[in-house]
Amino acid sequence: MISNPYVAIDGPAGAGKSTVARTLANKLGFIYIDTGAMYRAVTLMALREGVDLTDQAGLTRLAQSVSVVLMPDGNGGLKVLLNGDDVSEDIRSQEVSKNVSLVAMVPGVRKRLVELQRAMASRGGVVMEGRDIGTVVLPDAPVKIFLTASSVERAKRRREELAAKGNLIDQEQMEKEILRRDQIDSTRAADPLVQAADAVAIDSTSYSVKEVVDMIMALVTAEEKRP
Ligand code: DC
């Protein structure tokens, strides 16, 4: 029996968290929550408003005043609303990707978004993905996954994802950017990217999405059967 119907999926950029989490949520009938999208939405707002990305107090004020809402898009994915506007596409821009780690390292921004994430989870079954879900946001999640893949594979996947949208980026440049973000995300003082002690690590380098989802489903089923 699962008392807290949460699945927490953490891991570095490009490890396949979003596709896996979305597929899993649809299978389980749970809500899918992409917390990275929330950090991206605050970053987009900061860029639009011209807030200095080294001004931690300014970024904290901004995070406290914006409305960030995630809604099902009707296709198993998510729509991201920033102050009521659909920014689902805009938050995936290179400009936001390059700068989001700087915004995500600000403790005041994290505090506000973690509160929103916990409020969303309190409504019921969720599959939540991010960097600190198993460690900070939902430490009581009965199933915690730490999803990784080699940096070459992660850069390849991100590159293909962007190329499908008409954004052509060099593999080497993509690898550099992914490693830079890993470095900032794992070494920041506030809630760094680390594997929770009770998380199951899955290296997805040579597995398909379906194989990874099946592995996690097996863990959820085992958890449900526990007395
Ligand atoms: O998963 P993503 O690439 O969309 O995440 C964007 C950024 O947000 C990434 O640099 C790490 C940060 N992030 C975070 O610090 N904590 C989370 N729970 C989710 C994302």
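Listed values, structure above:
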read-out: Condition check for Arg61: basic (Lys, Arg), modelled with pLDDT of 95 or more and either under 30 Å from Leu168 (Cα atoms) or touching a helix residue (DSSP H, G or I) at 6+ places or on another chain (Cβ under 6 Å) (or both); value: no
read-out: Single residue of segment 137-161 satisfying the filter (in contact (Cβ under 8 Å) with a residue 40 or more places away in the chain, aliphatic (A, V, I, L, M) and part of a helix (DSSP H, G or I)) that is surrounded by the fewest Cβ atoms within 10 Å (Cβ to Cβ); value: Ala155
read-out: Residue within segment 172-187 that is in contact (Cβ under 8 Å) with a residue 12 or more places away in the chain, assigned to a helix (DSSP H, G or I), away from the ligand (no atom under 16 Å from the Cβ) and farther than 30 Å from Arg118 by Cα present; value: no
read-out: Segment 23-47, residues that are more than 21 Å from Ser93 (Cα to Cα) and touching a Gly at 6+ places or on another chain (Cβ under 6 Å); value: Asn26, Phe30
read-out: Residue in segment 201-213 that is assigned to a strand (DSSP E or B) and within 30 Å of Lys111 (Cβ to Cβ) present; value: yes
read-out: Sole exception among (1) touching a residue at least 40 places away in the same chain (Cβ under 8 Å); (2) surrounded by fewer than 16 Cβ atoms within 10 Å (Cβ to Cβ) for Ile202, by number; value: (2)
read-out: Hits in segment 1-36 (condition: of a type in the set (Ser, Thr, Tyr) and not in a helix (DSSP H, G or I)); value: Ser3, Tyr6, Tyr32
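The values are calculated or read from the model by the stated rules, or taken from the named source; none is laboratory data. What you see is a predicted model; the values in this text were computed from it and never measured. Don't worry about glycine lacking a Cβ; one is built from the backbone with ideal geometry, like all the others, and counts go over all protein chains shown.
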